[in-house]
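*Asks:* Structure below; questions to follow.
The values are calculated or read from the model by the stated rules, or taken from the named source; none is laboratory data. Please read these numbers as outputs of a predicted model, since none were measured by experiment. All Cβ positions, glycine included, derive from the backbone under ideal geometry; neighbour counts span all protein chains shown.
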Amino acid sequence: MKSGFKFLKHTFSVFAIGAVAVQGANAETLRLLTWGGYAPDDVVEMFKAETGHTVEVTKSNNEEMIAKLRATRGGGFDLAQPSQDRILGPQLEFGIYKPIDISRIDQGQFIQSMLSATMANTTVEGRVYGVPHVWGTSGLVMDTAAAGDIVKDYTDLCDPAVAGKVSYRLKRPTLIGFAFAMGMDPFAAYSDEAAYKDIMDKVESKLIDCKPNVKTYWGGGDELMGLVRSGEVVASMAWDTGGWKLNADNPNITFVAPTSGALGWIDTFVLPAKGRADDAAYDWINFVMRPEIAAKITAAAGNFTASSGADAFAEESLKARYQASFPAVAIDNIKWYPPVPGGLEAIEGAVLDRVKAAQ
Amino acid sequence: MTPDLEAVGLSKTFADFQAVKNVSFTVPAGSFFSILGPSGCGKTTIMRMIAGFLEPSSGDIRIKGESVLGVAPNKRPVNMVFQHLALFPMMNIADNIGYGLRRQKRPKAEIARKVDEVLERIGLPGIGQRKVDELSGGQKQRVAIARCMVLEPDVLLLDEPLGALDLKLREHMKLELKALQEAFETTFIYITHDQSEALVMSDQIAVMNQGRFEQVGTGKDLYYRPQTSFVAGFIGDSNCWEGKVESVDATSTLVRLDNGSAIHGVFDDRTSHVGDSVDIFVRPESIGISRNASDFLDCENRLSGQVHDVIFNGAASRVMLRDSQGGTMIEVALPQSGGSTDLLKGESVHIGWRAAQSTCFVKGAV
Amino acid sequence: MTQMTARLGFFVLLMPLLLWLALLIIIPHIDMFLLSLRERVGVGEYETSFANYLILFTEPLYIWTFVRTAVMSVLATAITLIIAFPVSIYIAKIAQGRLQQILFMLCLIPFYVSELVRTFGWMILLRETGIVSNFVQWVGIVDRPVEFLYNDAAIMVGLVYTSMLFMVVPLVTTLESLDNSVIEAGYDLGGSTLSVMREIIIPHAAPGIMSGCIVVFMLSLGNYLTPIMLGGKDSLWFTEMIYNQFIVRFNWELGAAFGFMLLVLSSAIVWAMLRLTGQTLAKTME
Ligand SMILES: Nc1ncnc2c1ncn2[C@@H]1O[C@H](COP(=O)(O)OP(=O)(O)O)[C@@H](O)[C@H]1O
Ligand SMILES: [Mg+2]
């Protein structure tokens, strides 16, 4: 009965698409759970024209993506894009993804090192759950004229010279960043809960000490941009793209990789456990990894992709900003997030709560 | 003795509309004074100026000889019974009546005693704990009066307080109100558009029209000696005709109606000139009716006509008669005693009345 | 037979309402309550216990946030009432015709934009480089930029602003039903403005005050964006805790316990308000 209905639906779409005279013998609707900028309208249009598949875009963030998939036990979407460190833990605990058939991915389009690293990080019981898409870093966005000499690393945000003019998020990247800046290696302690807790306790007291220095904990990207653009905040922990966007308006403001190293993240493609349009999902992955399409996404999202050769199509101004922020040593120094084992959220959550409550 | 209330040249103008025009009157202590007029003539406006809710545009209001201009409503020694009573629905009866006393900061025991007393006087003892909406219309009426009377005001203002009651209750409350006023010995100023209310209760009535007082006097004065055409038409029933003065002599005036009939009448202390346009008013009960023309030999006005209709209404029965000379319709009272009760439609009859009974007013004169 | 059909018809008519209540209100709450009773003992392993509630009551931060949210919401409700009452009297009793409509529209205007935009609007006004700060510098009260944002007062301003309409509407409705002559009678019998207010206007408006307060209190308690965006680094709001547990920490069990406690809290405070003022829910909803 159910399959009969599906069949009907398929035939119907075929007729509908056929009228537009495109190939799509099995056109589907792809329900995509992604970040803002990762599926620009023009790319969605081009994809539809070429494959016949329609894309329904839902914008979200890491936590909400996982919460949504968890609520439906992996249903409601056909393709999602959590960061690579957020695949292993949730998969083990909630089983919300299904393995990727690597043979259906055009591997040649990927930067090989990034592809293999992501696949390794997202392998559970010998099966691969994620392939890379967009990558970027978080570090420091600052007004170099006002804070360039003072703020070199995350911990410098606590310097009295910039009191009341700094900001960061009260989220886990801040904890990790401060830990590195304080000379510790939280990633190495991921597997050792006691050691990790120890690190977090130190970070906690640092953040509590630092609290009076902070103007506000920013919540959304727009809020941060407003703070930095108005000059109310001269240095903040933030994403690289934010700094580059502001740089276009004010050359003094840019993204700076902290001395302890920027934190590198990779957003991936995963298949939700109950996704229904796998064909369209694979088509989408292979489509957006084409260099010229990937360049369009870079233009929209501000971040580079794992597509090999897309650099050639990227805007010159963006490349220039990227090179200014990342000298060769800074690139080597990027700390890539390893998969987060389950249980760490509880430790981090308690720390964040206590920082928030501290007076 | 200074009058309880005195209004001198009182006027009120709203934006561009003059609602009250130069009204003066005096109300002696302990009397029942009514203002009678059609709705919209400015009665409530006068009342609200006395109570203090409106500032007069000009003129003065004096209570017991003292001007109250500029005195706030809550400081004036007058109280008002509102058109829809305005009892406080959020309080019980005792609290309603005690409200004013509480404002005067009287001791609790005294308030309770006074409330009981006044409830006794209005004939509703023991209802203090009831809610407002548990009372009948007449009971509410009495409570509204008691709520004011307990404060022993110099003057009580009542704005059409019987308007919301049904006819039967209204008839009853008229007498009761008069009795209450006598019992409390307070000056009442009573507004109404119902002449019967005013006539039954009042010591003095002011007839008001379009912002002016037309005439002030006792009910009898207004009824028998109206001074303006409006009063004559407004108080009681009247036959009203229009005509021109044909001749004037020492005792009466001859008026020629537009249809040719001639009527003898008198002018109420005003001289008239030949050729003036006039209104003539004759009350139905002033006209005698008989089958014999000889019954009216001493009447200056004698007419005959056909019975057009007989309207039976008990003591207020009427005959509608068509004058055989000019065709005018004349309304005549039909006494329920005497020989004319058996008149039939179409029958020829004679009518007659004294010249003194037809009151004439020159048109346009005020 | 006819009685049977009548009864059947009654249930058929009532069905949508019952379904709505059951599907959207009762079942989710039961589900949430059951979820809140699960204690996570290991990866994918759960036991039934009150552990989550225990966490709420033993962790000072959670209790503090819980109490703070309740107190701030009550305060926001009180301030809204104090501001809205004279405004409503003006709209219902003093303003005439067009002016009345314009004033009413003014209360509606905040709802022409989304909550997010509205909150951003306040941020633009109150921030250090914002309009208010520039204004007080221009007037000469201060000689350097002042930060009005990121404190409890800013949260209060945001909450009161958002709630105004929900207080004004029931107040204007009840006040309009109060006959002007009843107020005049209050003055006529010797009442001062204060006593007329206390003995006549407020008692009459009590059901409107109550329903306004209940709605505003619920809205404030359940508000998420305003306290977080305007409150800054110390903005502790209970809905944020719930969001964090559900979304950021993946701890649905604790989040459910929090949510359930919020329901209990709001019911308790509404009940207390009704008891305190001697009102009944039925009267308030008239
Ligand atoms: N506040 C006001 N503004 C303008 N006109 C008014 C106002 N109050 C009364 N009027 C007008 O004054 C006239 C007299 O009104 P009112 O004194 O209430 O009459 P009454 O009580 O005799 O029926 C009416 O034409 C009414 O429209
Ligand atoms: Mg009136």
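*Asks:* Enumerate the pairs (first residue in region B:183-201 and touching a residue at least 40 places away in the same chain (Cβ under 8 Å) and of a type in the set (S, T, N, Q); second residue anywhere and part of a strand (DSSP E or B) and within 13 Å of ligand 1 (Cβ to nearest atom)) with beta-carbon separation below 8 Å, excluding pairs fewer than 6 apart on the same chain, so at least 6 apart or on different chains.
*Replies:* B:T192/B:S34; B:T192/B:I35; B:T192/B:L36; B:Q195/B:L36
*Asks:* If I ask for residues that are at the interface with chain C (Cβ under 8 Å from one of its Cβ atoms) and either over 30 Å from the mean Cα position of the chain (by Cα) or not in a loop (DSSP other than H, G, I, E, B) (or both), which ones from region B:83-100 would you list?
*Replies:* B:P89, B:M90, B:M91, B:Y99, B:G100
*Asks:* Condition first: more than 9 Å from every other protein chain (Cβ to nearest Cβ) and not in a helix (DSSP H, G or I). Can you find one or more residues in region C:236-245 that meet it?
*Replies:* So far as region C:236-245 goes, yes, one or more of its residues are more than 9 Å from every other protein chain (Cβ to nearest Cβ) and not in a helix (DSSP H, G or I).
*Asks:* Picking from C:G222, C:G232, C:G212, which residue would you name as being surrounded by fewer than 19 Cβ atoms within 10 Å (Cβ to Cβ) and more than 14 Å from chain B (Cβ to nearest Cβ)?
*Replies:* Going through C:G222, C:G232, C:G212 in turn, the sole match is C:G222.
*Asks:* So, one more: If you check every pair at least six apart or on different chains, which have Cβ atoms under 6 Å apart with a residue in region A:92-110 that is more than 12 Å from A:R127 (Cα to Cα) and in contact (Cβ under 8 Å) with a residue 60 or more places away in the chain first and a residue that is among the aromatic types (F, W, Y) and part of a helix (DSSP H, G or I) second?
*Replies:* Listed pairs, sorted by first residue: A:R104/A:Y282.
*Asks:* So, one more: For the subset of region A:185-236 comprising residues that are assigned to a loop (DSSP other than H, G, I, E, B) and among the aliphatic types (A, V, I, L, M), which member is farthest from the other protein chains (Cβ to nearest Cβ)?
*Replies:* Looking at residues that are assigned to a loop (DSSP other than H, G, I, E, B) and among the aliphatic types (A, V, I, L, M), I get A:A188.
*Asks:* Follow-up. Looking at C:A205, is it assigned to a helix (DSSP H, G or I), surrounded by 20 or more Cβ atoms within 10 Å (Cβ to Cβ), within 14 Å of chain B (Cβ to nearest Cβ) and in contact with a helix residue (DSSP H, G or I) (Cβ under 6 Å, 6 or more places away or on another chain)?
*Replies:* yes
*Asks:* Looking only at region A:283-314, which residues are buried (at least 17 other Cβ atoms within 10 Å of the Cβ), within 19 Å of the chain's Cα centre (by Cα), at pLDDT 85 or above and part of a helix (DSSP H, G or I)?
*Replies:* Listed by number, the residues that qualify are A:W284, A:I285, A:V288, A:I293, A:A294, A:A295, A:K296, A:I297, A:T298, A:A301.
*Asks:* Specify which of the listed residues (B:S136, B:S67, B:S58) is among the hydroxyl-bearing types (S, T, Y), more than 14 Å from chain C (Cβ to nearest Cβ) and touching a residue at least 40 places away in the same chain (Cβ under 8 Å).
*Replies:* Exactly one of B:S136, B:S67, B:S58 is among the hydroxyl-bearing types (S, T, Y), more than 14 Å from chain C (Cβ to nearest Cβ) and touching a residue at least 40 places away in the same chain (Cβ under 8 Å), namely B:S58.
*Asks:* Can you name the residue in region B:12-53 that is assigned to a helix (DSSP H, G or I) and near ligand 1 (Cβ under 10 Å from one of its atoms) and is also surrounded by the most Cβ atoms within 10 Å (Cβ to Cβ) among such residues?
*Replies:* Applying the filter and picking the extreme gives B:I46.
*Asks:* If you go through region A:193-203 one residue at a time, do you hit one that is in the same structural domain as A:L157 (by TED's automatic domain parsing), at pLDDT 90 or above and small (G, A, S)?
*Replies:* Yes, region A:193-203 contains at least one residue that is in the same structural domain as A:L157 (by TED's automatic domain parsing), at pLDDT 90 or above and small (G, A, S).
*Asks:* Here's something else I'd like to know. What residue, of A:E125, A:E50, is at positive phi and away from chain C (no Cβ under 12 Å)?
*Replies:* A:E125
*Asks:* Please work out which one of (1) under 23 Å from A:Y154 (Cα atoms); (2) touching a helix residue (DSSP H, G or I) at 6+ places or on another chain (Cβ under 7 Å); (3) not assigned by TED's automatic domain parsing to the domain that holds A:F255 is the condition A:E348 fails and give its number.
*Replies:* (3)
*Asks:* Something else about it: Please go through region A:170-184 and give me each residue that is within 14 Å of chain C (Cβ to nearest Cβ) and either of a type in the set (D, E, K, R) or part of a loop (DSSP other than H, G, I, E, B) (or both), ordered by number.
*Replies:* Passing the criteria: A:L170, A:K171, A:R172.
*Asks:* Just the residues that are more than 12 Å from every other protein chain (Cβ to nearest Cβ) and within 18 Å of the chain's Cα centre (by Cα), please, taken from region B:143-159.
*Replies:* Across region B:143-159, the qualifying residue is only B:L158.
*Asks:* If a residue has to be more than 18 Å from the chain's Cα centre (by Cα) and surrounded by fewer than 18 Cβ atoms within 10 Å (Cβ to Cβ) to count, how many in region A:315-340 make the cut?
*Replies:* Looking only at that region, the number is 13.
*Asks:* Collect the residues in region C:116-136 that are charged (D, E, K, R) and within 14 Å of chain A (Cβ to nearest Cβ), keeping them in residue-number order.
*Replies:* C:R127, C:E128
Here's the yes/no breakdown for (1) more than 16 Å from ligand 2 (Cβ to nearest atom); (2) farther than 23 Å from B:Q195 by Cα; (3) touching a Lys or Arg at 6+ places or on another chain (Cβ under 6 Å):
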| residue | (1), (2), (3) |
| --- | --- |
| B:V8 | yes, yes, no |
| B:T13 | yes, yes, no |
| B:A19 | no, no, yes |
| B:F32 | yes, no, no |
| B:V78 | yes, yes, no |
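*Asks:* What's the total number of residues in region B:114-138 that are modelled with pLDDT under 90 and in contact with a Pro (Cβ under 8 Å, 6 or more places away or on another chain)?
*Replies:* Final tally of qualifying residues: 0.
*Asks:* Filter region A:255-266 for residues that are surrounded by 21 or more Cβ atoms within 10 Å (Cβ to Cβ) and of a type outside the set (G, A, S) and give the result.
*Replies:* Of everything in region A:255-266, those that are surrounded by 21 or more Cβ atoms within 10 Å (Cβ to Cβ) and of a type outside the set (G, A, S) turn out to be A:F255, A:V256, A:P258, A:L263, A:W265, A:I266.
*Asks:* Test B:N74 against the stated conditions and say whether it is over 27 Å from the mean Cα position of the chain (by Cα) and touching a residue at least 40 places away in the same chain (Cβ under 8 Å).
*Replies:* No: the conditions fail for B:N74.
*Asks:* Does region A:344-353 contain any residue that is on the phi > 0 side of the Ramachandran plot, touching a residue at least 24 places away in the same chain (Cβ under 8 Å) and facing chain C (nearest Cβ under 10 Å)?
*Replies:* The answer is no, given that none of the residues of region A:344-353 is on the phi > 0 side of the Ramachandran plot, touching a residue at least 24 places away in the same chain (Cβ under 8 Å) and facing chain C (nearest Cβ under 10 Å).
*Asks:* Condition test on A:K215, is it crowded, with 20+ Cβ neighbours inside 10 Å, within 19 Å of C:S235 (Cβ to Cβ) and among the charged types (D, E, K, R)?
*Replies:* yes
*Asks:* Right, something else. Would it be correct to say that C:L175 is within 11 Å of another protein chain (Cβ to nearest Cβ) and either under 18 Å from B:M91 (Cβ atoms) or touching a helix residue (DSSP H, G or I) at 6+ places or on another chain (Cβ under 6 Å) (or both)?
*Replies:* Considered against the rule, which asks whether it is within 11 Å of another protein chain (Cβ to nearest Cβ) and either under 18 Å from B:M91 (Cβ atoms) or touching a helix residue (DSSP H, G or I) at 6+ places or on another chain (Cβ under 6 Å) (or both), C:L175 comes out as no.
*Asks:* Looking at region C:112-194, what helices (runs of 4 or more DSSP H) fall wholly within it and have at least 3 residues that are within 30 Å of B:L158 (Cα to Cα)?
*Replies:* C:152-176, C:180-188
*Asks:* On the given criteria, is B:F53 within 15 Å of ligand 2 (Cβ to nearest atom), under 24 Å from B:A146 (Cα atoms) and assigned by TED's automatic domain parsing to the domain that holds B:V143?
*Replies:* In short, yes.
*Asks:* In region B:290-322, how many are within 18 Å of B:W241 (Cβ to Cβ), hydrophobic (A, V, I, L, M, F, W, C), within 32 Å of the chain's Cα centre (by Cα) and in a strand (DSSP E or B)?
*Replies:* 3
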